[in-house]
1. So how far apart, in nm, are the two label points at Arg198 and Glu244 if each is 7 Å from Cα heading toward Cβ?
2. Once each part is reduced to its C-alpha centroid, what is the distance from segment 64-110 to segment 171-218 in angstrom?
3. For segment 129-265, just list the percent of Cα-Cα distances falling in each 10 Å bin from zero outward, please.
4. Report, largest value first, the span of the C-alpha coordinates of segment 132-199 along each principal axis, in whole Å.
5. With +1 on each Lys and Arg Cβ and -1 on each Asp and Glu Cβ, how big is the dipole of the chain about its Cα centre, in debye rounded to the nearest 20?
6. Report, by chain and number, residues whose modeled amide H sits under 5 Å from the one on Arg264, excluding near sequence neighbours (fewer than 5 apart, same chain).
7. Using a simple spin-label model with points 7 Å from Cα along the Cα→Cβ vector, what separation in nm is obtained for Asp259 and Arg230?
8. Tally up the carbon and sulfur contribution to the accessible surface of segment 13-125 as a whole percent, 1.4 Å probe, everything protein left in place.
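The values are calculated or read from the model by the stated rules, or taken from the named source; none is laboratory data. Note that the coordinates shown come from a computational prediction; the quantities given were computed from them, not determined experimentally. In this analysis, Cβ positions are derived from the backbone assuming ideal geometry, glycine residues included, and neighbour counts consider all displayed protein chains. All accessible areas refer to the heavy atoms of the entire protein, side chains included, with ligands and DNA or RNA removed. Shrake-Rupley method; radii C 1.70, N 1.55, O 1.52, S 1.80 Å.
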Amino acid sequence: MALFIVHCEVDIMVSQVVVLEVDGIKLAGQLYLPGEGNQTPYPTICVCHGIPARLPDPSDRGYPLLAEKICGEGFVVLIFNFRGCGFSGGNLDILGWTRDLKVAIDYLWALPQVDRSHLSLLGFSGGAAVSIYVAAQDKRVSSLVACACPAEFTFLTEADEPQSIVEHFRSIGTIRDKDFPPSIEEWLNGFRLVSPIRYIAEIAPRPLLLVHGRQDGVVAVAHAYKLYDRAGEPKQIIIVDGAEHRLRQNDMAMAIAIDWLKSRR
């Protein structure tokens, strides 16, 4: 396992490459550990990225930079690529993503540096939807921040030409095998099943924060209000004026999320 030393404003952190295996698929990840001198075990955050909309940009260090920032605040942080994304194997499959996240939680749960009473999820868009689905069933998750989260995946499951959706994901490299999916209808049914509006009430009594951009053109802000109305207490919703869909690139949104997580460790 490769180790990297990263310098930040607060301390020195250690970053190490992680490889998880789910359904015979290898997932690529990176674990960030606070530097020496801090008290262990640490509160921990698993970051869950969204569904890619375009070809990956090799120069985009968005999630590693976010992980470094959060780790600098005294958290263990895990980022990883769901199947079909980045350096992970497999094909984009939302039900498969739920299994990927469960294995990521298993991995963190076994680490001696992790404070099991403070294991939170920070999800974005489709990754936020998967986070809600998994956290509703897995009580090891102590709190959840869902950014730009759809209440349901209507933009996928109500398409007139489902084959065109598959071809889009094939064109950006998230569906890689020519015989995948074996059934488009079953593949789409996975998105219907992983609908946060059906599960968000099960997060309570664990704390929930919903963060959404008022100018989100991908997932309308109405989705956030629907989720908030269905969720149990304690819950909070923050709509960020001027923010669009990619909230990890919005400094205000990420400051809100990190401050909220810090207040609950």
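1. Here the answer is 3.2 nm between the modelled labels.
2. 15
3. Cα pair-distance distribution for segment 129-265, in percent: 12, 36, 33, 17, 2.
4. 39, 23, 21
5. So the dipole magnitude of the chain works out to roughly 480 debye.
6. HN-HN under 5 Å from Arg264: empty list.
7. Label at Asp259, label at Arg230, 2.9 nm between them.
8. Summing carbon and sulfur atoms, their accessible area is 55 percent of the total for segment 13-125.
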